[in-house]
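Read-outs: derived from the displayed coordinates by stated rules, not from any lab. All figures in this text were calculated on a predicted structure; none of them were measured in a lab. Here the Cβ is made from the backbone with ideal geometry for all residues, glycine too, and neighbour counts use every protein chain on show.
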Amino acid sequence: MTDDVRRSALGPLWSPLRVVLEIIYGVYALAVFLVFGLSAFVAVLLPFGIKTRRHIAHFAARAFFAVAGLRIRLIDEHLLPSGPCVVVANHASYLDGIVLKAALPARFSFVIKKEFSRVPLAGLLLRRIGSEFVDRFNRHAGGMDTRRLLKAADAGQALAFFPEGTFLAEPGLGKFHNGAFTIAARVDLPVVPLALRGTRHILPSGRFLPRPGRIDIHVLPSIGPMRDMKAPDAVVHMRDVAHARILAELGEPDLSSNDGIAAIQARRSSSST
């Protein structure tokens, strides 16, 4: 039975019934997440090596989505390099990191804003699976973080970034920061853009309980390495091409200008007053 048939059969009862069903599903999905999240947290505290701890987190993330009934499709997976690379993805929900942990090979290290390192339990779990934290506000600390990432990439570590750095409830692709592309340009690694769809619908900003839905991750053609360009030019080129490819795949508004973000923030402020 399709959604349209259900709406016709239930008439005015459909909307309140849908809300109740979404709440029931959301509580169930949250309980499933807590079970697998706490199990993974305990497991990665055991004295295993970093590869084993990453595989545990990878398995727990995949199990969560499977048991919660949230289907993940990785489209054009063959475009993902088997060696070191820098993956960049659009950011639409708190689910995004867990989605990539489930979908990407366990070898990837995630680059996360330093604020998450102070979140109880989650910060410790992220450190135990080898996540890299970067300071967005302290210039000196940020420089040290970049040098650490350069060493990791130069040693063959595959890295995953959300170059927007944040996300909004409204559809749109924000401005990409240079960090991921600087690493790729300095170490001659390809940049692999990923377009994520579905996570904003399932768990948008400001929502506590997830909705049912499907998540698609489209692997787009890699960019570089740009060995024939000077590093500053390569950074700008890879950043702009990655942004354009993800934007074209998503079909969402381009919020890369400050005016785009400012307009949404202004609408939020006016609606809350």
- prompt: Hey, can you list the DSSP H helices of the chain whose Cα span along the axis is 18 Å or longer and whose average Kyte-Doolittle score is at least -1.0?
  reply: 14-45, 50-68, 139-154, 231-250, 258-272
- prompt: If you compute percent of Cα pairs over 29 Å apart for the structure shown, which of [x] 36; [y] 53; [z] 25 do you land on?
  reply: [x]
task: Before rounding to the nearest 500, sum -39500 (n - 2.57) across all DSSP H runs of length at least 4 in the chain and divide by the residue total; then give [θ] at 222 nm in deg cm²/dmol.
output: -16000 deg cm²/dmol
message: Students often forget the sequence filter, so: which lysines lie under 25 Å Cα-Cα from K101 once same-chain residues fewer than 8 apart are removed?
response: K51, K113, K114, K151, K175
- prompt: Where nothing but the Cβ of Lys and Arg (+1) and of Asp and Glu (-1) is charged, how large is the charge dipole of segment 70-272 around its Cα centre, in debye to the nearest 20?
  reply: 720 debye
- request: Please figure out what share of the DSSP beta bridges in segment 70-272 is antiparallel and state it in percent, rounded to the nearest 5.
  value: 20 percent
Net charge, L79 excluded, C-beta distance under 15 Å - Lys, Arg +1, Asp, Glu -1: -2
message: Along the Cα→Cβ direction, 7 angstrom out, place labels at A31 and L124. What is the inter-label distance in nm?
response: 2.6 nm
